[in-house]
Amino acid sequence: MSSIDVGGGRWLMSASIVRDNGGSEAVAAVGRIAAGVPTILPIALEVDDLSHSYGSRPALSDLSFAIRACEFTVLLGLNGAGKSTLFSLMTRLYAHRSGSIRIFGAAIDDEPAAALSRMGIVFQQPTLDLDLTVEQNLRYHGALHGLPRTGLESRIAAELDRVGLADRRRDKARQLSGGQRRRVEIARALLHDPKLLLLDEPTVGLDVAARQFLLDHVRVLCRDQGLAVLWATHLIDEIGEDARVIVLHRGSILANGPAQEVITASKASSMRQAFDTLVRASESEPKP
């Protein structure tokens, strides 16, 4: 993947060559058009030849992909595909021994503070302290990130207003519904103004309305705030027409590209059919 160094960050040129795990090449038009002039967008997350095992059991095998600012990317895979393992490696909960992970050009092993400071995270398991109020949860997060008190309250107010919970800031987290708690977790993840947001199965256990709110909210953040998003899910209906899709199965990437291109390449009529086709083909391959 070709890139240039600009202001200390790695930037992907519009019309760069992208290689997927199968070795195929495609020209990617990645620049947004502003006043008729192509722009360049930063590479937010770059994973290269990443592998991980639990003892003798492989969990991830030679993963390589990149996502860019303003891009909503869906990591699609069944339970056990390796999504949570990948998130644990990207957030340094696990140490990786093979391959590399870069956040806006900063290697997560060599420059962990620089890499993690650019990242916001919503884990699959709820992580709010239920005995604290909403604003106390956010203040605690701000303190962990070393955010100065000056301006922190306005940041908290702005993020809670963005998720429609400004009037619940003094309520204890346990008084909120599951969907409202997820909204608080997203507000918390964005409090330190990251440029990359990772969400691991964020809608598990939520009703239809709560799921749709979160999806719409995060897509708006991509469009209006330039946020890069990696949204892990096993729910195919969470993939919008404008999303980029990475299909992960048994620790390997089966497809990586715009949703419609993945469907077309699989000779399918829908993402569900494309996913089924890719998984069946993978499982029919002889094991090494």
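The values are calculated or read from the model by the stated rules, or taken from the named source; none is laboratory data. Quick caveat: nothing in here was measured; it's all calculated off a predicted structure. All Cβ positions, glycine included, derive from the backbone under ideal geometry; neighbour counts span all protein chains shown.
Worth a mention:
- Candidates Ala228, Ala210, Ala255: the one that is in the same structural domain as Leu278 (by TED's automatic domain parsing), under 27 Å from Leu138 (Cα atoms), buried (at least 21 other Cβ atoms within 10 Å of the Cβ) and of a type in the set (A, V, I, L, M) is Ala228.
- Residue match in segment 274-281 (condition: crowded, with 22+ Cβ neighbours inside 10 Å, aliphatic (A, V, I, L, M), out of contact with any Pro (no Cβ under 7 Å at 6 or more places or on another chain) and assigned to a strand (DSSP E or B)): no
- Matching residues in segment 197-227 - criterion: being hydrophobic (A, V, I, L, M, F, W, C) and under 18 Å from Leu248 (Cβ atoms): Leu198, Leu199, Val204
- Output for segment 85-104, where each listed residue is in contact (Cβ under 8 Å) with a residue 60 or more places away in the chain and at positive phi: Phe104
- Filtered by the rule that a residue be outside any loop (DSSP other than H, G, I, E, B) and not small (Gly, Ala, Ser), segment 251-273 gives Ile253, Leu254, Asn256, Pro258, Gln260, Glu261, Val262, Ile263, Thr264, Met271, Arg272, Gln273.
- Residue count for segment 144-194 under the criterion of being under 24 Å from Ala114 (Cβ atoms) and under 24 Å from the mean Cα position of the chain (by Cα): the result is 16.
- Members of segment 115-136 that are within 30 Å of Pro42 (Cβ to Cβ) and either touching a Gly at 6+ places or on another chain (Cβ under 7 Å) or in contact (Cβ under 8 Å) with a residue 40 or more places away in the chain (or both): Ser117, Arg118, Met119, Gly120, Ile121, Val122, Phe123, Gln124, Thr127
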